[in-house]
1. Restricting the search to region 81-106, which residues are under 18 Å from Leu128 (Cα atoms) and loosely packed, with under 15 Cβ neighbours inside 10 Å?
2. Taking the conditions exactly as written (out of contact with any Lys or Arg (no Cβ under 6 Å at 6 or more places or on another chain), surrounded by 14 or more Cβ atoms within 10 Å (Cβ to Cβ) and within 21 Å of Val12 (Cα to Cα)), does Asp158 satisfy them or not?
3. Does region 21-31 contain at least one residue that is small (Gly, Ala, Ser), surrounded by fewer than 19 Cβ atoms within 10 Å (Cβ to Cβ), closer than 28 Å to Ile160 by Cα and not assigned by TED's automatic domain parsing to the domain that holds Gln161?
4. What residue, of Gln85, Gln70, Gln81, is outside the structural domain of Ile5 (by TED's automatic domain parsing), at pLDDT below 95 and over 30 Å from Val172 (Cβ atoms)?
5. Could you count how many residues in region 88-132 are without any contact (Cβ under 8 Å) to a residue 60 or more places away in the chain and at negative phi?
6. Conditions first: (1) at pLDDT 95 or above; (2) surrounded by fewer than 17 Cβ atoms within 10 Å (Cβ to Cβ). Val63 passes all but one, so which condition is the exception?
7. Among the numbered criteria (1) within 28 Å of Phe122 (Cβ to Cβ); (2) out of contact with any strand residue (DSSP E or B) (no Cβ under 6 Å at 6 or more places or on another chain), which single criterion is violated by Gln49?
8. Name the one entry in Tyr48, Tyr76 that is aromatic (Phe, Trp, Tyr) and crowded, with 17+ Cβ neighbours inside 10 Å.
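The values are calculated or read from the model by the stated rules, or taken from the named source; none is laboratory data. What you see is a predicted model; the values in this text were computed from it and never measured. Cβ: placed from backbone, ideal geometry, glycine included. Neighbour counts: every protein chain shown.
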Amino acid sequence: MGITIGEDAASVYPKIQALRLTKGVTYLNIVGNIFADLSLLKDQLPLYQYILLDQKPGTDSGVQITIEGQTVKSIYLNSGQQLTQWPEKQKANTSVRVGDAVSDLYNKLINVRAIDRYTNKFDYISLLTKNLSTKYDEAMRLSSQWYFGYSTGQNQMDQIQVHFQQSKVSKVYIDHYSK
């Protein structure tokens, strides 16, 4: 993998991106990538595949938005209920809908946040799964851990945890799993 102790987060990211081709890595989860101010995330939202919106403490009505390519692939509530749009029964410009372009997501979320009954869903914004085909996000340096996995054979996989202290790699754990 080529990740070394003491290495800066920004230089680790392209090494993980390269693992898409060599190991088939399809995701990178960023632990603690949590925000409370949507207005700061305009440029970051398109860099992620999985976005969670909720209040504190978390609720069954928290919203999970999954992005594939450049479009919204799915929307679920934390309760497991699948939606085609959130909030339901809102106009296109005040809701996020399956099939929406990622480039429209920020403005739509700003419009939803302006609706009083949904404002609290923006108290806890988690940008969890990084889109590895997009550039490095400077906010990732604040995370204490990134993790990803890949198949190593039939019914086998490795999960890699990269831990950080002050934006530098402090340890790397590799867990091997088999069925």
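1. none
2. Criteria met by Asp158.
3. No: zero hits.
4. Just a single option satisfies the conditions, and that option is Gln70.
5. 25
6. Every listed condition holds for Val63 apart from (2).
7. With (1) within 28 Å of Phe122 (Cβ to Cβ); (2) out of contact with any strand residue (DSSP E or B) (no Cβ under 6 Å at 6 or more places or on another chain) applied to Gln49, the lone miss is (2).
8. Going through Tyr48, Tyr76 in turn, the sole match is Tyr48.
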